[in-house]
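Working notes, beginning with the structure itself.
Just so it is clear, none of the values below were taken in a lab; they were calculated from the coordinates. Quick caveat: nothing in here was measured; it's all calculated off a predicted structure. Cβ placement follows ideal geometry from the backbone for every residue including glycine, while neighbour counts extend to all protein chains displayed.
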Amino acid sequence: MAEKGASRGTLRRLWSLPRRRRGTAGRSRPDEIMHQDIVPLCAADIQDQLKKRFAYLSGGRGQDGSPVITFPDYPAFSEIPDKEFQNVMTYLTSIPSLQDAGIGFILVIDRRRDKWTSVKASVLRIAASFPANLQLVLVLRPTGFFQRTLSDIAFKFNRDDFKMKVPVIMLSSVPDLHGYIDKSQLTEDLGGTLDYCHSRWLCQRTAIESFALMVKHTAQMLQSFGTELAETELPNDVQSTSSVLCAHTEKKDKAKEDLRLALKEGHSVLESLGELQAEGSEPGVNQDQLDNQATVQRLLAQLNETEAAFDEFWAKHQQKLEQCLQLRHFEQGFREVKAILDAVCQKIATFTDIGNSLAHVEHLLRDLASFEEKSGVSVERARALSLDGEQLIENKHYAVDSIRPKCQELRHLCDQFSAEIVRRRGLLSKSLELHRRLETSLKWCDEGIYLLASQPVDKCQSQDGAEAALQEIEKFLETSAENKIQELNTIYKEYESILNQDLMEHVRKVFQKQASMEEVFHRRQASLKKLAARQTRPVQPVAPRPEALAKSPCPSPGIRRGSENSSSEGGALRRGPYRRAKSEMSESRQGRGSAGEEEESLAILRRHVMSELLDTERAYVEELLCVLEGYAAEMDNPLMAHLLSTGLHNKKDVLFGNMEEIYHFHNRIFLRELENYIDCPELVGRCFLERMEDFQIYEKYCQNKPRSESLWRQCSDCPFFQECQRKLDHKLSLDSYLLKPVQRITKYQLLLKEMLKYSKNCEGAEDLQEALSSILGILKAVNDSMHLIAITGYDGNLGDLGKLLMQGSFSVWTDHKRGHTKVKELARFKPMQRHLFLHEKAVLFCKKREENGEGYEKAPSYSYKQSLNMAAVGITENVKGDAKKFEIWYNAREEVYIVQAPTPEIKAAWVNEIRKVLTSQLQACREASQHRALEQSQSLPLPAPTSTSPSRGNSRNLKKLEERKTDPLSLEGYVSSAPLPKPPEKGKGWSKTSHSLEAPEDDGGWSSAEEQVNSSDAEEDGGLGLKKLVPGKYTVVADHEKGGPDALVVRSGDVVELVQQGDQGLWYVRDPTTGKEGWVPASSLSVQLGPSGSAQCLSSSESSPGSAVLSNSSSCSEGGQAPFSDLQG
């Protein structure tokens, strides 16, 4: 409101300037149209009437300055309409100034060529219609003798008719007129010398009045614009203020342009009037011309004054708007910066961790430095904004009271942030110093262990050897002052500000380890001194056990040791002598042969592996965090948005995948759990096993990797990545860090192998082996999934096919009994290259397509060709003539696929995996049949089938299957009905009972006992030969844990040796690993392929009926078959 009042005051002063000018002028002019209440006539309005020239204002003056209006001889004067006559009279009398018009007008009526009657009518008409004061009327009467005489007589007799307010003088000649008006004030037609051109006068009057009208409109426009500016409310945001400022500036520029045009017009009119003297003393210049020139000059002066006043007003208004815009920018920046600083202060308040190891503290310091660097941009922005506010205050901004508190608040937040950073850095520096001392002590202790372990015991038996070893020990003990912790209480007091319970416990453990090692050294030192002093008899010193050196009161992995773990720096120092120590330990073991010292050496190596695992894990977590904060988070930063290319918008999930999920798992869970096993590294396998399901997240990341790689190649030259890499000071680009998760998941199996190598006789060896197998399984699953996502053309959902068990490329021949001859010929001569995917419920045949692109884009794609339902699949293990071939037949051998693997090992793996699937299906069929029988007898509901059980439409096959196959797959059935056969006598070797079983009636079994049975040649001969099983090694394909006292407990995957084939489908086998022997079901065994070529299938034609169940399980579902289609790609 104050701004409005000031603006209106400026406006009043602006528009009052011309009025004051008019009041101080020597005369007031009626042609100052912009100040008149009643709009007068203009020359342009009555131009046609003025052109008739029945009256004109020549500019002449009487002796007292009275304006002279001349009525020239105009024959049609009486025909002029009264309206036109009145308009011309009104206009002519409005031209002279009010002062001159107040004296009165002199009318000169020229009627020398007219008649008396016309003279009388003209005078009477003029007298009746003249709108202004008259001083004198001079009439030049007719010059003809008759008319002149008539006029004299008529005038005498009609004098009363001519009585007016002013005298009327009848003149006989022009010289008589000169007696009343000077010749210089009369035009040439009245005998004067006054230069007058009616058309020129009309043009000048039109131009002057047009200019005056332009000045009036310009003034009105400025007044309206000024009022609008004065009444404008100041906006509350930057955008609105900028819009108002731009709009007002455009209007101001337009007003200035109108002023410029008006001034140009005025100067043009002034030039047309000529350079005349203001006094009008020069001959030929009349008073009206001088008045016209003065009027134009006065209007120009008014315009100049108006422009100056408007410029002054606009400057104040513009300053106000600009200050308002500055204020809005300041307020907006204040809100943004304050929000950022508040978030920064809240985040730094969460930095309470002082670290639990040297590497951890260094990581925290780097995090703090990175956080300070990133936050420093906001802090500098806040300080710069505060300085901008101070500058506004110095420039006398109108909103000082609003700006000053905000500047003070910004300075306070910046100072608070800086103080907190200094405090945090001080605490972390203290923590770093303490951990370095602890690390130095631990390193000194390790070096002492190396020294003790590297001293050969046999050499110490001699005096020289004892003295040399004693000197080494004494020299080492001399370094204790600079390496070990001297006083525990001093440490507690010196680092009181950072010590917490975990750190105090860590300091105590290090101190205890240090004391224990010194005690061992002193004992060794005392022993060596005795040996060096006297050599009466050989003395065998006892090597220190590692438990005495590094014994901890809390060795359990369940209790987190906090800071006991090695730092990356210490780990690197200790890894230096890693191989050297290993070599020395090996040599010393050969010399000493001491089991205790060998275990001590292995413990040291295990600690080194554990240290490497922890160091690399911490580095990995730090790298992931660096990528997420330095790249991923910056993609959402508005300040970096201008650097992002169009192809990166909304593509963060594509580029980084689930890296954030991986980071949180390792940072919050896995790393912390690993640190719990630092005192017992041999048990670290349990940590992997407990979190094995969580490692499945890597499968999702690897599946997204091709999309991420493709996006990176498209946008790798984006300035955004270059700027982020510059800020992070990375030597490698982002794609190298995106590969870290893939590299890490493969690194674990190497570390587990190394740990297992040094832990074979430890408590956690089995867990380590299982963890290694699980990690390898995850790597296989990840690799398989990468191939699985490349399948194209499959209409269904691949997830419905169950878990992907195996995948690989094979040569495939097709053959079926009811097919065409052409297909049979193709099966003999032309193989097809197919990539097979074995699922729990189906096997897929795909064609591998050409590899294109680079990197992950080179991954092949697979075109779907055919799928076989596992419920209707059977296999024949061997095809005559090639140990790498096997058959997959479908729907009772109506369709046969001869598959050739790249190696016999791959073939064996596939055959065994297919056996497991079919075995599980058979087990599901038996369970369903048993439950159905139980339901019929006890009216119990049938439980839901498992994921590997057949479909509901297979009830007829199941029933048929149960009718034909009654023997169980485990020993439970035998134990309940009859005792197990007696074990064979020792030393008799492999034998077979005389009892033989008949082959099953259905010829759709798995395969024959030996390779020629069910081979391609045997089929063509039309017969199935029955041969006995041969001795050898067999692989267990189904777990067996229950049975009688003579039963052998085996698990799937174990290898056993056949000792004797018994009755009732039982074999007596030996476990070569443990040496144990016992009975197992024959159906649980699969021959192990070897160079002998006599590989057996899961069920033999001479095996028991119990084993023949599996043969028919391959066709237990009639509804599961798929139509045969051409496999030619």
Practice problem: Can you tell me which of 393-404, 355-366, 879-890, 1049-1060 comes out highest on packing, and rank the rest after it, using the mean Cβ neighbours within 10 Å? | Solution: 355-366, 879-890, 1049-1060, 393-404
Quiz item: With point charges of +1 on the Cβ of Lys and Arg and -1 on the Cβ of Asp and Glu, referenced to the Cα centre of the stretch 361-452, which listed residue (Leu432, Gly389, Ser375) lies farthest in the positive direction of the dipole?
Solution: Gly389
Quiz prompt | Whole-angstrom gap from the stretch 612-641 to the stretch 199-268, using each part's C-alpha centre | solution = 62
Quiz item: Taking the mean number of other Cβ atoms within 10 Å as a proxy for protection, how do you rank 473-480, 915-922, 443-450 from highest to lowest?
Solution: 915-922, 443-450, 473-480
Quiz prompt | Rounded, prolate or oblate (a/c below 1.5 giving rounded, otherwise prolate when a/b exceeds b/c) for the stretch 879-938 by Cα gyration tensor | solution = prolate
Exercise. Taking amide H positions as placed in the peptide plane 1.01 Å from N, state which residues far from Val108 in sequence (5 or more) or on other chains have amide H under 5 Å from it.
Key: Ile69, Thr70, Phe71, Leu138
Practice problem: Give a residue-ordered list of calculated ³J(HN,Hα) values for the stretch 699-706 (Karplus: 6.51 cos²θ - 1.76 cosθ + 1.60, θ = phi - 60°; whole Hz; x for Gly, Pro). | Solution: 4, 5, 5, 5, 5, 7, 4, x
Quiz item: What ³J(HN,Hα) values, in whole Hz, does the Karplus curve 6.51 cos²θ - 1.76 cosθ + 1.60 give for the stretch 484-489 when θ = phi - 60°, with x put for Gly and Pro?
Solution: 9, 7, 7, 10, 5, 5
Practice problem: Collect residues whose amide H, placed 1.01 Å from N in the peptide plane, falls under 5 Å from the amide H of Tyr196; neighbours closer than 5 in sequence don't count. | Solution: Glu188
Practice problem: Step through the table entries Lys484/Lys513; Lys700/Lys780; Lys254/Lys320; Lys216/Lys254; Lys320/Lys396, compare each Cα-Cα distance with 18 Å, and write down the pairs that go over it. | Solution: Lys254/Lys320
Exercise. Compute the distance in nm between two label points, each set 7 Å from the Cα along the Cα-to-Cβ direction, one at Ser402 and one at Lys316.
Key: 2.0
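Can you figure out the FRET efficiency of Asn87 with Thr193, using R₀ = 30 Å and their beta-carbon distance, to the nearest 0.05? Don't skip to the answer; put the middle values down first.
Numbers: r = 30 Å, r/R0 = 1.02.
E(calc), rounded to 0.05, equals 0.50.
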Quiz item: What full-extension length gain, to one decimal in nm, is calculated for Gln416 and Ser184 as 0.36 nm per residue of separation minus the Cα-Cα distance?
Solution: 74.1 nm
Exercise. Jot down the radius of gyration and Dmax of the stretch 385-536, Cα atoms only, both in angstrom.
Key: 29.3, 105
Quiz item: In Å, what Rg and Dmax follow from the Cα atoms of the stretch 422-498?
Solution: 17.9, 60
Practice problem: Subtracting the Cα-Cα distance from 0.36 nm times the residue separation, let me have the gained length for Val377 to Lys727 in nm, one decimal. | Solution: 124.8 nm
Self-check item: Highest-first arrangement of 53-59, 503-509, where packing means the average Cβ count within 10 Å
Solution: 53-59, 503-509
Quiz prompt | In order through the stretch 228-235: 3J(HN,Hα) via Karplus (6.51 cos²θ - 1.76 cosθ + 1.60), integer Hz, x for Gly, Pro | solution = 4, 5, 5, 8, 6, 7, 6, x
Self-check item: FRET E, pair Asp64, Glu233, Förster distance 60 Å, beta-carbon r, rounded to 0.05
Solution: 0.50
Quiz item: Taking amide hydrogens as modeled 1.01 Å from N in the peptide plane, which residues meet the under 5 Å criterion relative to Leu134, leaving out close sequence neighbours?
Solution: Phe105
Quiz item: Dipole of the stretch 608-662 (Lys/Arg Cβ +1, Asp/Glu Cβ -1, origin at the Cα centre): which of Leu624, Phe656, Ala641 lies farthest to the positive side?
Solution: Ala641
Quiz prompt | More than 27 Å apart - percent of Cα-Cα pairs taken over the stretch 591-743 | solution = 37
Quiz prompt | Stretchable slack from Leu739 to Ile669, in nm (0.36 nm times residue separation minus alpha-carbon distance) | solution = 23.0 nm
Quiz item: Taking the Cα-to-Cβ direction at Ala128 and at Leu689 and moving 7 Å from each Cα, how far apart do the two end points lie in nm?
Solution: 13.6
Exercise. Set the Förster distance to 56 Å, then compute FRET efficiency between Asn500 and Gln391 from the Cβ-Cβ distance, nearest 0.05.
Key: 0.75
Exercise. Of the listed pairs Lys430/Lys731; Lys907/Lys1033; Lys705/Lys753; Lys760/Lys1033, which have alpha-carbon separations greater than 29 Å here?
Key: Lys430/Lys731
Exercise. Evaluate the Debye formula for the stretch 312-396 with equal point scatterers sitting on the alpha carbons, no solvent, and hand back log10 of I(q)/I(0) at q = 0.11, 0.15, 0.24, 0.27 Å⁻¹, in q order, two decimals.
Key: -0.48, -0.69, -1.11, -1.24
Quiz item: Separation between the Lys757 and Thr903 pseudo-spin-labels, each 7 Å from Cα along Cα→Cβ, expressed in nm?
Solution: 2.1
